[in-house]
Ligand code: A3P
């Protein structure tokens, strides 16, 4: 552990909740067990110029984006009928730095990963290793309406933890949820995408739902695997979207029954309803008003809206 990291750790504040605890580290709240992994990632990771990093707050559409990026990048290597996506969970195909690769704090052997290397992370932009920021590698960030994120996270957390929706909501209002505050996380990537549009592509889950074809084309261009006119005429975009659709992935044997390589969670927990705006069925008008006000205050003037 570097001296700087030691100092940062000693400055961390702890929120002691009997149900869910997060520590403040470099301005964001993290599960305590993840902090050493983040430090190891910061210390050891060396980016390659052609790496592609998928970044997100949990429950914002990471699994969907992983399956899309994997498919776009590998579309000449595998046909859509024999793609590894049919037999592997997207999280196994695109490993996460802090949960998977630096799980034991020692740098994982990354040389066996085929190029371009695909990675993912939930950590904020400011905490990324310098080599990611300074190299030419690309970052694709996916953001989602915060209310749908809360509902999705609650469904995900409540399986192993007896947390109520209200507790989850309050955690977001305080900004103390894992990888929170929500507003700082989205804003950091949003600002970077405006300042360095060739470095960071900012995608909204809602836009992917509304106009997936143009998002896919833009995404493919950004990561350096553009879709040709000929491919487009052959319907490749529709094929990719069908393969990576919630319905298709959810019903694959691997995602119905398996667990991914790194997690104790069942693959099926990553696929639920995938709806936009379903939060209205969970929150009272006053709860919506209260958190909307916080979000408006925090994102106000940035040009970012949900
Ligand atoms: P819901 O819980 O609202 O259904 P993440 O992948 O970041 O953990 O986000 C999970 C959310 O994305 C869940 O939302 C899940 O259902 C949805 N999701 C997973 N795969 C998807 C896909 N292929 N298309 C659209 N949404 C998907």
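The values are calculated or read from the model by the stated rules, or taken from the named source; none is laboratory data. On a predicted model such as this, the values are computed, not experimentally measured, just so you know. In this analysis, Cβ positions are derived from the backbone assuming ideal geometry, glycine residues included, and neighbour counts consider all displayed protein chains.
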- Task: Can you tell me which residue among 72, 142 is within 16 Å of the ligand (Cβ to nearest atom) and either more than 17 Å from the chain's Cα centre (by Cα) or loosely packed, with under 15 Cβ neighbours inside 10 Å (or both)?
- Result: 72
- Item | Test for residue 79: is it closer than 23 Å to residue 212 by Cα and either within 12 Å of the ligand (Cβ to nearest atom) or touching a residue at least 40 places away in the same chain (Cβ under 8 Å) (or both) | no
- Task: Look through 225, 306 and report the one residue that is in contact with a helix residue (DSSP H, G or I) (Cβ under 6 Å, 6 or more places away or on another chain) and closer than 30 Å to residue 133 by Cβ.
- Result: 225
- In the set 179, 147, the lone residue that is within 12 Å of the ligand (Cβ to nearest atom), under 20 Å from residue 299 (Cα atoms) and assigned to a helix (DSSP H, G or I) is 147
- Query: Would you pick out the residues in the stretch 78-107 that are more than 24 Å from residue 256 (Cα to Cα) and either at pLDDT 95 or above or crowded, with 18+ Cβ neighbours inside 10 Å (or both)?
  - Reply: 97, 98, 101, 102, 103
- Task: Can you tell me which residue among 270, 205, 262 is within 30 Å of residue 48 (Cβ to Cβ) and surrounded by fewer than 16 Cβ atoms within 10 Å (Cβ to Cβ)?
- Result: 262
- Task: Please work out if residue 123 is assigned to a loop (DSSP other than H, G, I, E, B) and crowded, with 21+ Cβ neighbours inside 10 Å.
- Result: yes
- Residue that is nearest to the chain's Cα centre (by Cα) [pool: residues in the stretch 249-290 that are within 8 Å of the ligand (Cβ to nearest atom) and closer than 12 Å to residue 90 by Cβ]: 270
- Message: Quick check on residue 162: is it free of Cβ contacts under 8 Å to residues at least 24 places away in the same chain and part of a loop (DSSP other than H, G, I, E, B)?
- Response: no
- Query: Can you tell me which residues in the stretch 49-59 are near the ligand (Cβ under 8 Å from one of its atoms) and either assigned to a helix (DSSP H, G or I) or touching a helix residue (DSSP H, G or I) at 6+ places or on another chain (Cβ under 6 Å) (or both)?
  - Reply: 56, 57, 59
- Item | Count of residues meeting criterion [crowded, with 16+ Cβ neighbours inside 10 Å and away from the ligand (no atom under 16 Å from the Cβ)] in the stretch 226-246 | 3
- Output for Cβ contacts, cut-off 6 Å, separation at least six or different chains, first residue without any contact (Cβ under 8 Å) to a residue 40 or more places away in the chain in the stretch 267-282, second part of a helix (DSSP H, G or I) and more than 10 Å from the ligand (Cβ to nearest atom), reads 268/256
- Task: Filter the stretch 168-181 for residues that are on the phi < 0 side of the Ramachandran plot and in contact with a strand residue (DSSP E or B) (Cβ under 9 Å, 6 or more places away or on another chain) and give the result.
- Result: 171, 174, 176, 177, 178, 180, 181
- Task: Check residue 172 against each of (1) crowded, with 19+ Cβ neighbours inside 10 Å; (2) within 14 Å of the ligand (Cβ to nearest atom); (3) in a helix (DSSP H, G or I) and name the one condition it does not meet.
- Result: (2)
- Message: Residues to consider are 157, 187, 165; find the one that is at negative phi and more than 16 Å from the ligand (Cβ to nearest atom).
- Response: 187
